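Worksheet: the structure to be examined is printed underneath.
The values are calculated or read from the model by the stated rules, or taken from the named source; none is laboratory data. From a predicted model like this one, the values you see are computed outputs, not experimental measurements. Positions of Cβ are generated from backbone atoms using ideal geometry, with glycine treated the same way; all protein chains shown enter the neighbour counts. To get the accessible areas, we keep the full protein, side chains included, count just its heavy atoms, and leave off ligands, DNA and RNA. Shrake-Rupley method; radii C 1.70, N 1.55, O 1.52, S 1.80 Å.
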Amino acid sequence: MGVKGFVEGGIASIVAGCSTHPLDLIKVRMQLQGEALSPAVSALRPAVALQGASGLATIHHHQPSLPLPRRPGPIAVGAQILRAEGSAGLFSGVSATVLRQTLYSTTRMGLYDMLKKRWSASGDGGSLPLHRKIAAGLIAGGIGAAVGNPADVAMVRMQADGRLPPAERRNYRSVLDAIGRMARQEGVGSLWRGSSLTVNRAMIVTASQLATYDQAKEAILRQRGAGADGLGTHVAASFTAGLVAAAASNPVDVVKTRVMNMKVEKGAAPPYAGALDCALKTVRAEGPMALYKGFVPTVSRQGPFTVVLFVTLEQVRKLLKDF
């Protein structure tokens, strides 16, 4: 029974991940917007203040160049990818998505199912209280993220590669090529770069997503009866879960994406000293709302992903109920 939960969760996660990969790609590209401009803008601002204090009026002539340009939205980013990289560009890094879902989501879905069944055995009629669902999600998400971090790093890099000038691209051929080159060129430790962020994000996402789905589904069935346990209920509960998970995890996701994507040159200090440093630099250079950069595509991806995930999971459970 324990293995069955992992199989069911793994199949559903891979289907959902591949189905929504283009939306995830757009989200990553949007989260990296403005990153290259930030150091330059930050460096200019002290100079502006000093020159203004010394009475040099000429600095005002340069002021209009300081505001950051308007960022393109998800549709514009998607159109840019299509123009620059073709339709195949929307599936950049899809092999990493498959590996990530195989490692990360299979582990978290299976562990959550196992913990839920174990903890509800002594509960009231098999129903698990919300706080226990959240605890099960936190544990399952953390362990799953630690297992799947190498694939997560590879996925972020492969998705971000197309935004770089051709001379600076990593040009990974596949997820295995990406992992192998990272290990050889940057050390095995690079495969767990940003792992603390990945674990934190996964704990938040898993706890909010899985617990919200179970809670919403139970609430609907209490009101409408057991006969309502069908597609409509699954879609409504899963979309609610996706919205909650997106809102809770977006700030951590932005920082995670930037830390994983940063280039560390030998002998040079890394762009970010860690997660907190990345968050502070991002907020100072781009404002607090930069932590919700890519929120629209995050919701646009997390909603469909969660719907496909749980609708597929419910169907797989029906198919495998006799095993």
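Apply the Kirkwood formula to segment 213-323: the hydrodynamic radius equals the inverse of the mean of 1/r over all pairs of different alpha-carbon atoms; give it in Å with one decimal.
Numbers: mean 1/r = 0.0602 Å⁻¹.
Roughly 16.6 Å, rounded to one decimal.
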Note to self: Compute a Gaussian network model of the chain, connecting alpha carbons closer than 10 Å, and tell me which residue from Ala228, Ala241, Ala211 fluctuates the most.
What the structure shows: Ala228
Item checked: Alpha carbon centroid spacing (whole Å) that separates segment 223-250 from segment 268-291 -> 34
Item checked: Helix-only [θ]222 nm of the chain, DSSP H runs n ≥ 4, -39500 (n - 2.57) each, per residue, nearest 500 -> -23000 deg cm²/dmol
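Between Rg and the Kirkwood Rh of the chain, both from Cα atoms, what is the Rg to Rh ratio? Please report the intermediate quantities before stating the final value.
Working: Rg = 21.9 Å, Rh = 21.1 Å.
With Rh from the inverse mean 1/r over Cα pairs, Rg/Rh is 1.04.
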Note to self: If each residue of separation counts as 0.36 nm, what is the full-extension length gain between Arg284 and Ala88 once their alpha-carbon separation is subtracted?
What the structure shows: 67.0 nm
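If you roll a 1.4 angstrom probe over the protein chains with everything in place, what fraction of the accessible area of segment 149-231 belongs to carbon and sulfur, to the nearest %?
Carbon and sulfur: 55 percent of the exposed surface of segment 149-231.
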Next item on the list: Please give every one of the lysines within straight-line cross-link reach of Lys263, meaning a C-alpha to C-alpha distance under 22 Å, and leave out same-chain neighbours fewer than 8 residues apart.
Entry: Lys27, Lys281, Lys293
Check: So how tilted is helix 38-53 from the main axis of the chain? Cα-based, degrees 0 to 90, rounded to 10.
Finding: 40
Notebook entry, point to check: Using a cut-off of 30 Å between alpha-carbon atoms, which lysines can reach Lys116, once sequence neighbours fewer than 8 places away in the same chain are excluded?
Noted result: Lys4, Lys133, Lys217, Lys256, Lys318, Lys321
Notebook entry, point to check: Taking θ as phi - 60°, what are the ³J(HN,Hα) couplings along segment 80-93 by the Karplus curve (6.51, -1.76, 1.60), each to the nearest whole Hz, with x for Gly and Pro?
Noted result: 4, 4, 4, 5, 7, 10, x, 4, 5, x, 5, 10, 4, x
Item checked: Among 292-298, 177-183, the order from most to least packed when residues are scored by Cβ within 10 Å on average -> 292-298, 177-183
Margin query: Please report the projected area of segment 92-185's Cα convex hull averaged over all directions, in nm².
Written below: 7.2
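Calculate, in nm to one decimal, what Leu130 and Val188 gain on full extension: separation in residues at 0.36 nm each, minus their alpha carbon distance. Don't skip to the end; give the middle numbers.
On the way: separation 58, 0.36 × 58 = 20.88 nm, distance 3.86 nm.
Contour length minus Cα-Cα distance gives 17.0 nm.
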Notebook entry, point to check: Accessible area per residue of the chain at 1.4 Å probe, in Å²?
Noted result: 47
Item checked: Protection-proxy order for peptides 13-21, 258-266, 140-148, 111-119, each taking the mean of Cβ atoms within 10 Å per residue, highest first -> 140-148, 13-21, 111-119, 258-266
Check: If you average 1/r over all unlike Cα pairs in segment 130-284 and invert the result, what Kirkwood radius do you get in angstrom?
Finding: 17.5
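Taking 25 Å as R0, compute the FRET efficiency from the Cβ-Cβ separation of Ala219 and Val3 and round it to 0.05.
Details: r = 30 Å, r/R0 = 1.21.
Step by step, r from the Cβ atoms, then E = 0.25.
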